[in-house]
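What follows draws every value from the coordinates through simple rules; no lab data is involved. Owing to the predicted nature of the structure, the values given are computational and were not obtained by experimental measurement. Cβ coordinates were reconstructed from backbone atoms using ideal geometry, including for glycine residues, and neighbour counts include every protein chain displayed.
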Amino acid sequence: MSVIAPKFRLSYLIKGITDNLFWIIVLMTLLGIPAAMIVLIYIDFPVIDGEIWNPFRVFDAMTHPERALPLVKNFMQTDLFKVVAFPGFGFAALIAAAVIFVERKMLAKLQLRVGPFYCGKVEGILQLMADGLKLISKEIIIPAKADKPLFWAAPVLFAATAAAFVALIPVAPGWVVADIDLGLLAVFAVIGFFPIITILAGWSSNSKFPFIGGIRALFQMVSFEIPLILSLLGIVMLTGTLNLVEIVESQVNFPWIIFMPIGAIVFFICILAELERIPFDLPEAESEIVAGWLTEFSGMMYGLVQLGSYLKLYAFAALFVVLFLGGWNGPWVYPIEPMAEIITDGIVLMPDALVIKDIPGLPLFSQEMINGTIWFVLKTVGVIFFILLPRGVFPRVRIDLLLKIGWYKLIVLAFVNIFIALALVYGGIIGPGGIL
Amino acid sequence: MSQKLPPGLQLEKVDDRIMTLNVGPQHPGSGHMRIILKIDGDYIVHCDPDPGYVHRGEEKMAEYRNYITNIPHLERPVIHDSCNILYPYCLGVEELLGLEVPERAKYLRVIAAELNRCVYTEYWLGIYGIFLGHSTMFMWPVGDRELLIDLLDKMTGARVTHAYFVPGGVRNDVPPNFEDVCLRQVNYFEKRLKEYADIFYDNPILISRTKGTGVLSREDAIKLGTTGSVLRASGVDFDIRKKEPYDVYEELDFQTNVLKEGDSYARSKIPWLDMLESCRIIRDALQKMPKSGSVRIKLKPKPKGGDTEVYHRVESGRGSLGMYIVSNNKPEPYRLKISVPSFRNLIAMPHLLKGELLGNLPPVYWSLNYWPVEADR
Amino acid sequence: MSSADSTEIEKSEDSSPVYEFEKSLSDSISKKFSNVEIAYVKQNRIRVNVKKEEIIDVASFIRDELHFDHAESVSGVDYPKDKQIEVVYHLGSYTDPLLSKQILALATRTQREDNPHPGNDSSKLPSLCDVFPSVSFHERECFEMLGVYFDGNPDNRRLLLPEDWADIPPLRKDFAIKGR
Amino acid sequence: MGTATGIIRALNSGIKHIATKRFTFRYPEQKLKFVGDGYQYDPSSGVGIAGYKGRHILFHDKCTGCQLCAIACEDIAEAIAMPKVEEQWKHNKKAIMPQIDYGKCVFCGLCVDACPFYALYMTNDYELSSFTKEALIYTPAQLQVKPQVDQDVEIQIDEKGAKHG
């Protein structure tokens, strides 16, 4: 009796695990540790107690929490941490991953289905990990007549541009990767890259459906960028600044959505179009043009584009929060009292003072930052819910209707919004020297 | 252009703009067929449907099999609508053999046919939804279809390929408490159908998308010989259940749905209205059905037809489905032609798609109520 | 329209073997064309056999005078014994409520060749495409399945069979299925 | 204004259904209940008895080896063969009984209709998959085993929606 699948044996499994472990240890010792050393040598270390630290002393200090915590806190102030972990890529990717999971479960619930269920025992919580592993293990196939450098570059550029967009978003007071005076202008500049990347991807794969998809994406993004920019002009007029942090700070008392609901609606619709989400997912309309400009991407190249598009989703939702919903501003929810105790007394790990009682360097994060982050994440999740919901409710629109919406309706509404802002400014209600 | 070209070649200015797109057979929006499109910009200038990817030669196969063993084969072209495709065959063979079907069997046939029509239409509607990018409208109909599949399962013993109709009645009687279960599930199904209105049929985006696309005028619909929902969406009141009632449709209380617009929206709405009407028919038939009685006439093992020919047609989920059986005193039919509605509606496709936007391909194509497997037979 | 329907029902309730309405239809055809043979008149079904030279005239008469406006199906039947292939057009009507039950089978025959070269032999018929545009795809199917070429059909290409089909047309009786 | 109300109604309908019961039928954990013990046929009245058309069951004490089921299947699926069995029955002199190849069977049940001796019925067992084609051929000995089925889920309908449970 022939058997297709080989029989499972425990010894094979153990052998596989030990093999993998062996190779990981060999490669780590031969390549990983030297590489880490080289990297650490070129990083500027702080001067503590009049001594310049070196990598060896850092490793030494890591074993001692009393000395490690200040080091960690120091590290958190560096740009590297901001870019890689908290307000930057890592935080955004975490939210993006949560969004994918929530989207699938919510859509399933709306459609009376179950959704991901088996992976990770609890309601399929590890489904995304499984999908990622699958994408990584897939072979990357490149069409024979594709323009290979551009074809390779397109997904990488897409993810990188989305990450650059993320870098501009202020999450909590003082926590922004790139705090620049012309922040909003920088956002527009970054958004302007996406149509170029999509047409690059569509054209370089040298195939008909991606080409049509790329052209559609170009039309769609270009025509929706204008109302998108116009709808934000009102806020710029009222606040008199382009700096996103200052825009957030100007909304301490009330968010701008109270005065500019029309602008918010226009901006929201433009977000949907820029993100290529249903009802505006024409560039990826699978029943018309297979998968649009993504048709020829396979394996992790597709995964990168998906990562980029969900980062972009987070970034746009966050931008909506920053501009219209007041960013991190919100009532104080984070408890103050226990925090103060920790600062004064330290964490009591054991009754006897044998173990460190007072840990210098705590707290790692200020309370404003934690409170601000909580509000920011809550508002962002709310906006993301409304971005995800249309996927279950609306069909796709047609290209001519889409362009009509963009050029006729949204631009007019955006101008109405600008006039409202002008009336508010010249009426002396808000703005420089206004009543409020 | 003073370019030197090899003999026999010409530079064609217009064709430089035109791109040929092969939509299918490996395309999420094609089904088991290919549509060769020529597009100028975003406009379709030429459309050439190329069916035949699932051609199985059912008509040739039928010539080698006797009137009973043909049954499981003939339902293969549309397994989702398998009762309706066997219906004209059974009517035709009954006329050939001179059989009179028992009254209860007639009602059971009507119930099974209407349930099957809903099962097919739900599947069709699901694909119409996903073609428009409306994933909820794919999941809901395919889920609600389960209610009726469960009923058909109890009734016929199989989920899709029922092989329930035979010349001379139906294979078996329904289980004891079938009427109650059927009534309960059909009522719930009708309630669910009405919930489709908010999210799909009254959805302004859907209306703006499909209203006025692929308009088939009344004259063209008649001229091109379209049938079923396509015809009735163009304003022609022609339903074979009303016009040439077979079995007990004369005694049942229902109406035909006609819309005048003739566009993709009307063509997609007619099957939905038909499903609501089917629920009425099923309830009415359950009420009027004789509570007991024979459901099948015993046949000889290999019945022989006379030396004649019959043509019978019924209203299937897609439209008029006819069977032309030529018999020559043998247990096998001499020639069996299945005149399928999908194939007849396909004739309208090149006519409708010319001049449309590429984005209108899915709604126009699928609103033709075209089932590729059935058209290929 | 309702009155027309009621008269129809009365007629069918007569249960007399002669169907008057159908008979009147067939009589009007045989009155106009002397060569036409009325094969049978059954309830709601009429069959008319015509010569292939006359078929366009008869079809035009049926369309214009009797108001049959579309073709339900076009079936080819192979008769190797007679060395003939029969093509049957089943015609119906949407516009005339009197005719909504009626199916008129218009049959004609053409020569059959033992070694067919579809399109290049004598198995030819005039196409009804100009009279009934709805027959276009049916005639294409008939051409590839039985090798009957339809003169005048603008589109006599393959439809269902694969492009590399090199055997004889499969619905002919001498095309045998393997193992049968 | 019609567009706006339409959009709001659609969104409302979508949000409302987030709270509706899930209809999904979780197959390997749940199994759907069928009526009766499978499709059966009464040759005296010529009418079948409703039931699921699953795997067959063969009653060795009734089978006469008449081959009518194999003849019925001849033009349909050619799934039934008649091998010899190592059994002695008075009514089955030839000692042949049907053996069914479920790789070919289409589960139409016309073989059950053909049996005049109440020997061949169908059962509720539909989980026949195997790794090899040989394992799909059920010998007469395998066919006489009554299947163990654990099917108890039905569609339940109440105010909040329908579910399998």
Inset, instruction - Relative to the longest principal axis of the C-alpha atoms of chain B, give the angle of the C-alpha long axis of helix B:136-156, reported between 0 and 90° and rounded to the nearest 10°. - result: 30 degrees
Inset, instruction - Note down the relative contact order for the range B:188-309 as a percent, whole number, built from C-alpha pairs under 8 angstrom at least six residues apart. - result: 25 percent
Legend entry - FRET efficiency estimate (nearest 0.05) - Cβ-Cβ, residue B:19 to residue A:133, R0 30 angstrom: 0.20
Legend entry - Cβ-based net charge around residue A:236, under 15 Å, with every Lys or Arg adding one and every Asp or Glu removing one: -3
Inset, instruction - Taking the dipole about the Cα centre of chain C, with the C-beta of Lys and Arg at +1 and of Asp and Glu at -1, give me whichever of C:34, C:132, C:24 is farthest to the positive side. - result: C:34
Inset, instruction - For every other residue with a beta carbon closer than 12 angstrom to the beta carbon of residue A:97, add +1 if it is Lys or Arg and -1 if Asp or Glu, then tell me the sum. - result: -1
Inset, instruction - Determine the shielding of peptide B:195-203 by partner chains: average, over its residues, the number of Cβ atoms on other chains within 10 angstrom of each Cβ. - result: 6
Inset, instruction - Could you name the lysines whose alpha carbon sits less than 26 Å from that of residue B:291, not counting residues in the same chain fewer than 8 places away? - result: B:106, B:154, B:242, D:33, D:53
Inset, instruction - Based on other C-beta atoms within 10 Å, arrange D:130, C:34, A:250 from fewest to most. - result: C:34, D:130, A:250
Inset, instruction - Please work out whether the range A:92-137 counts as rounded, prolate or oblate from its C-alpha gyration tensor, where a ≥ b ≥ c are the square roots of the eigenvalues and a/c under 1.5 means rounded, while otherwise a/b larger than b/c means prolate and anything else oblate? - result: oblate
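Can you give the average number of partner chain beta-carbon atoms within 10 Å of each beta-carbon in peptide D:96-106, as a whole number?
Across the residues of D:96-106, the mean count of other-chain Cβ atoms within 10 Å is 1.
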Inset, instruction - May I ask you to derive the FRET efficiency for residue B:202 and residue A:102 from their Cβ-Cβ distance with R0 = 30 Å, giving the value to the nearest 0.05? - result: 0.60
Inset, instruction - Among the aspartates and glutamates, select those whose C-alpha is under 17 Å from the C-alpha of residue A:409, and discard any that sit fewer than 8 residues away in the same chain. - result: A:225, A:274, A:400
Inset, instruction - Kindly flag which residue pairs out of D:21/D:133; A:312/B:191; D:104/D:163; B:223/C:124 have an alpha-carbon separation exceeding 29 Å in this structure. - result: D:21/D:133; A:312/B:191; D:104/D:163
Legend entry - Fewest-first ranking of A:380, B:161, using other Cβ atoms within 10 Å as the exposure measure: B:161, A:380
Inset, instruction - Only Cα pairs under 8 Å and at least 6 apart count here; give the relative contact order of the range C:2-110 as a rounded whole percent. - result: 24 percent
Inset, instruction - Just list whichever of D:62/D:94; B:337/C:31; B:300/D:62 have alpha carbons separated by over 20 Å in the model shown. - result: B:337/C:31; B:300/D:62
Inset, instruction - Counting other beta carbons within 10 Å of each Cβ, put C:75, A:11, A:287, B:30 in order, fewest first. - result: A:11, B:30, A:287, C:75
Legend entry - Expected 222 nm ellipticity per residue - DSSP helices of 4 or more, -39500 (n - 2.57), all of chain B, to 500: -13500 deg cm²/dmol
Legend entry - Magnitude of the charge dipole, the protein assembly as shown, Cβ model with Lys/Arg +1 and Asp/Glu -1, debye to 20: 1600 debye
Inset, instruction - Just grab the label-to-label distance for residue A:63 and residue D:5, each label 7 Å out from Cα along the Cβ direction, in nm (one decimal). - result: 7.6 nm
Inset, instruction - Return the subset of A:109/D:31; C:32/C:101; D:90/D:146 for which the Cα-Cα distance in this structure is over 26 Å, preserving the input order. - result: none
